[in-house]
Each structure stands twice: as structure tokens, then as C-alpha cells.
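Chemist: Dropping a structure here in C-alpha cells format, bear with me for questions.
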Amino acid sequence: MTTYDRHQAILTLLTEQASLKVTDLAAHLNVSEGTIRNDLSALESQKLLKRVRGGAIPSNGTALYPLSNDRARINAAEKKRIARWAAELVNDGDVILLDASSTVLHMATFLQDRRDLTVITNQLEAAQILARDPSKTVILVGGVLKVDGTAVKGSISVNVLKELHIAKAFVSCVACSLESGLMEADIDEADYKVWVASSASQLIALLDSSKFAKTGLKPFASIAQIDHIVTDDGLNKTTQRQLQALNVRLTLCGEHTVQSLASHEDVSKHIKLGFANLSEHVPFAVDVRRGLERAVKAFKHVDLIIADNNLDSQQAVNIAEQFIAQDVDLIIEYHIDEATGNVLMERFRENNIPVIAVDIPIVGATFFGVNNYQAGFMAGEALGKWLEDHWQGQLDGFVLLEEKRAGPLPAARLQGQLKGLEQIIGPVAEHKKYYLDSGNTTEQSYQQVINLLEQLAREDKLAFLCFNDDAALGAFEAVQEAGRLDKAAIIGQGAERRMQHELARGTPALIASTAFNPEQYGDKLLTLALQILKGESVPPAVYIDHKVIEGVMGTRAS
């Protein structure tokens, strides 16, 4: 089960029961209780349910429903992939329009973490899904209710659009051709979308590849009006090149890779970059990927192929082979396992493909990312000062949540944390150190810490030194559940958005985290990649700048 499927299963169960228990969900879905807690936290942050001790209840006392639209269930896997990547084009604060198509309907489920959106739609179910979040403004355009009850249509909808300024309109259709553009089978629907296309600053079409082999009754937008097409990887190469030459940006969503193809008249001169991301379930890695996508958009001669290593060594190897088969010019590799990195590098070297390794070094690749020892030292100092001010430097144990797969260089984060800490409070006795495997996930870190806490006295004061923020947040969940927040002091690494949110709100036990600024990786990675491909000399390692972000708990006592 994917995370998305598990979340949908939880929401479905919540329509059938007034409340859900963590223990019951874990048994029903065959995952750990830690995974379920993470799922419930994620769904609560999306305002889809409310967490209570030991489980969850419906948000605001209302029932939650999975997509009920029959058309949305047809080719659901392909539609979800297209909708998911189309949702990546939406930023906080955007004014967007969603049409009444089944593919666009799936987008609503991928927009839950966007804030301050204004959504205009004639799709009733999309409106209901998005209106659950009070940070979103949903405008349901008026008109005549369709026979199937899913949407409204007619001239009233058009009149509403005339008064609105839409940044991005997401539409689908029954057919698309280079000559006629986007077409509909319903005349009223086509007339409505004519106004959609003319009212929006950007027109984004969500089309599965079969739509290019069909015809419709009435066109509503020419190819020249389309800014971006999100489709599947079944689109034939000839059509791809023709659309690119007509100044249309393409996103091709495959089962394992997503290609972002720039619009450009001479596609033969395009540079093709492969980006194998750490995991789409790690927020830090998602921010890195989004930053790279933003950076690439400024270059009309750069195509980007994205894949998800999913913290899995075999998957990383499989993706590497796919990149090689697609003749990429350079690979940006973000993978956790140092040993697997050497295997990947050997294949890339055999095919003369240069490599940039993100955060986890690979011998023979240009390194980009964290100055691990410095980042750790800065956080260790912050923790040491807090311990000195609040606990007079006295505590009973030091828990080190590490990630051995990453190798010795990233391990320097923990070495730096210890050295920074010891500089303030003095040497740490070896018998007070507890080494745990974070697994690079909140879930495993949570479980490891829960197991340790069961062995230690409740009054023990513990400092937690963490490989990254996922480990820190897992430790936080564990000490919170154990009722030991006043006996814990936790530092992270990365200061990704979840951690910054918790620090800003003064969450107990969370002291500080060193910022890695993943949203800034993209511009620097692309600059480095272009320098390498031009044959310019680059240093063997390029580091980002760091600063410590302290929360209310991390503020020193006066």
C-alpha cells in the first residue's frame, strides 16, 4: 500500500465509524502503529480529520468521503499520476480554476497541503473536498446542474468568469489534436471552456495520451493557447517534438519516472538531466525536487527527468538503468546508501555520464550539499547552551539517532553535534550514549526511541542528537506519547518546513535545527550541472551555507 492509498483507506473507514483507534488501524492495514500515527498527523494537518488520544475522529464532526465520481475511477492510476504532478504546479496563494473533468477532480486530493488558495470550479465534488480547509476560498460558479449531478454548466458560469482573474486554469477534454487543439463533445461545456481559456493567465491541460488519437465535436482552445500539458509517457515521440516546437511545456508521467520537457523550437539541442530523488515521502527531499523544477523552468533548452529512489537501493539501481536508457546528459543522484552509490557510479562511468551527488557523497561524483560537521557543530552548540541554561548542563543520557547507510561524511553531523555540545557542557561519558538507527524516517526513529524509553527511568533527562529532522520529529512523537516532554531536549538537522513550523510555535522539547535550505538547492544544482556540461572547472565539493534556527524552547534564559 502506498501512503496515498493508506490515507484513502483511513478516510473511508472514518465514514463508516465515529472514531478510529491507532491499534485497530495498524492491524487492519498491516503496518506499525508509528506509521499510523504519522498518517493521522498528516491527515490532520490537511484538516481531513482530528486526532484524539489513541486515534482520530472526523474533522468538524462531518463525514469524509473518497471520490464518488464514477468517471474518476476509470484509469484511476494514470489519472492520479497526472493529477499529482499537475498539483505540483500550484503554489500557496494561487488563484486557480479546476474544470469538471474526472482527471482534474483527482487534483483536489493532492492540494490539501497548499494554503491560501482561491479555487474556482464548476465541479461539485472538488468544491466539497477543498472547502473543508478554511485556508482555502472555494468559488462554485453558477449554472444548470448536469443530469449526473457532478457539475454545473451554462451561460451563468461564463458570466462569473468574466469578472475574475485566474492565474492557472486546469482543464481536460475528450480529444486533442495539433490542428484543432482541445475539444469537447458537449457544446455548452465547450462554450464555458472557451471563456476559461481566455480568462486564465496560464492554461494547463491534463490529458492521457489516448486523447491525442481522438476527435471531439467542438474545439475550445488552440495549441497556441496551452502553456503546459501534463500527460502520461505513452505520448509518441513525434507528437512530443511537435508540441515542444509549438512552445508547449510537457510533463510525461510514467510509473517510475516523470519527464519535464521544455518548449523549444530546436529540440535536438536540449540538455537532458536526470534527477533521482531521495524519497517523495521525505519533505526535505520534496523541497529539493520542487526547487530544481522551478530552476529548470527558466531554461528552454533543459529537460528534466524525475524519479523516486524511495530510500530503496534496488529501486535506485533500476532508476539508474532507466536514466542510462533515456540518454541523459547528466545525473543528479540523491540516495541514502553509500555502498549503492558506488554501484551506481560504476554504471554511470561506463556510460560517460557525469554525476552530482546530493548530500550523500559518491566517489567520482561532484558533491553538493551539507557541510556536515559544521552543520552538526552549530546545532550542538545551541543544545549545549540550552542545557547549561535550563538543566545546568546535567543530564542522564545522550540519544544519537544515526543513519549508518549514509557513510562517514554525513555521520560527521553527529560528530559535530557532540563536539559542539561538549564545548559548552564538557566531555560526554561513553556509558551515557545510546546509539539508535533512525532509518532516515520519522516512523523508525519513533519506534527506536519508544523502545529505548521503556528501558530507562521516567525521571531520566535525555538529550537527542539527530541525523536529520525526520529523526528529530520521530523522537519528539515518542517522548510526547511517553509523557516525557519535560525530560527531553531535541535538536534536528535541516530545519525543513515541518520543523520550522514546530520551532516557531514553541513546541516543547524541540530546541533547534540547522537550516539546510532545501528550497535553494535547485538553482545551485542547475548552475553546477550546466558548468559541468560546458566543460568548466568545478570544485570537487560545493557546500551550502548554514544557520541555526532556534524555537521558543531554544531561546536562552536571561
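Chemist: Regarding segment 199-246, what are the three Cα extents along the principal axes, ordered largest first, in Å?
Modeler: Each principal axis gives a Cα extent; for segment 199-246 these are 30, 25, 16 Å.
Chemist: May I pose another question? Rounded to the nearest 10 degrees, what's the angle between the helix 3-16 long axis and the longest principal axis of the chain, both from Cα atoms, 0 to 90?
Modeler: It is inclined by approximately 80 degrees.
Chemist: Working out 0.36 nm times the residue gap between LYS162 and ASP24, then minus their Cα-Cα distance, what length gain in nm do you get to one decimal?
Modeler: Full extension of this stretch gives 44.6 nm more.
Chemist: Report, by chain and number, residues whose modeled amide H sits under 5 Å from the one on VAL399, excluding near sequence neighbours (fewer than 5 apart, same chain).
Modeler: Counting only residues 5 or more places away or on other chains, the set is TYR434, ALA463, PHE464, LEU465.
Chemist: Now a separate question. Using a probe of 1.4 angstrom, how much of the accessible area of the chain is carbon and sulfur, in percent?
Modeler: Carbon-and-sulfur percentage of accessible area, whole number: 49.
Chemist: Find, among the GluC sites (Glu not before Pro) in segment 194-288, those assigned to loop by DSSP (not H, G, I, E, B) with at most 14 other beta-carbon atoms within 10 angstrom.
Modeler: Hits after loop and neighbour filter: GLU255, GLU265.
Chemist: Could you give the length gained by full extension between ASN451 and SER32, i.e. 0.36 nm per residue of separation minus their alpha carbon distance, to one decimal place?
Modeler: Working it through step by step, the gained length comes to 149.5 nm.
Chemist: Same structure again: Averaged over all directions, how much area does the convex hull of the C-alpha atoms of the chain cover when projected, in nm²? Walk me through the numbers on the way to the answer.
Modeler: Numbers: hull surface 106.6 nm².
The number I arrive at for the chain is 26.6 nm².
Chemist: Another one. Given C-alpha coordinates of segment 417-547, what is the ratio Rg to Rh with the Kirkwood estimate of Rh?
Modeler: Working: Rg = 17.9 Å, Rh = 16.6 Å.
Across segment 417-547, the Cα-based Rg/Rh ratio is 1.08.
Chemist: Could I ask something else about it? Can you list, largest first and rounded to whole Å, the semi-axes you get for segment 188-344 by taking the square root of 5 times each eigenvalue of its Cα gyration tensor?
Modeler: 33, 16, 15
Chemist: Normalise the Debye intensity by I(0) for segment 72-130, one equal point scatterer per Cα, no solvent, then take log10 at q = 0.27 Å⁻¹ and round to two decimals.
Modeler: Rounded to two decimals, the profile gives -1.20.
Chemist: Normalise the Cα radius of gyration of segment 282-357 by 2.2 N^0.38 Å (N = residues in it) and let me know the number.
Modeler: Cα-based Rg divided by the globular estimate yields 1.10.
Chemist: Turning to a different aspect of this structure: Per residue and in cubic angstrom, what volume does the convex hull of the Cα atoms of segment 306-424 have?
Modeler: 106 Å³
Chemist: Need one number: nm distance between label points at ASP486 and ARG458, each 7 Å from Cα along Cα→Cβ, rounded to one decimal.
Modeler: With each label placed 7 Å out from Cα toward Cβ, I get 1.2 nm.
Chemist: At most 14 other Cβ atoms within 10 Å and a DSSP loop assignment: could you name the GluC sites (Glu not before Pro) in segment 440-525 that fit?
Modeler: GLU454, GLU459
Chemist: Run the helix sum for the chain: -39,500 (n - 2.57) per DSSP H stretch of 4+ residues, divided by residue count, reported at 222 nm to the nearest 500 deg cm²/dmol.
Modeler: My calculation for the chain gives -12000 deg cm²/dmol from helical runs alone.
Chemist: Compute the length gained on full extension between THR137 and GLU44: take 0.36 nm times their separation in residues and subtract their Cα-Cα distance, giving the result in nm to one decimal.
Modeler: 31.6 nm
Chemist: According to a simple spin-label model (label point 7 Å from Cα along Cα-to-Cβ), what is the distance in nm between ALA429 and GLN8?
Modeler: Taking the two extended label points, one gets 5.5 nm.
The values are calculated or read from the model by the stated rules, or taken from the named source; none is laboratory data. Owing to the predicted nature of the structure, the values given are computational and were not obtained by experimental measurement. Note: ideal-geometry Cβ built from the backbone for every residue, glycine included; neighbour counts use all protein chains shown. What goes into the accessible areas is simple: the full protein's heavy atoms, side chains included, and nothing from ligands, DNA or RNA. Shrake-Rupley method; radii C 1.70, N 1.55, O 1.52, S 1.80 Å.
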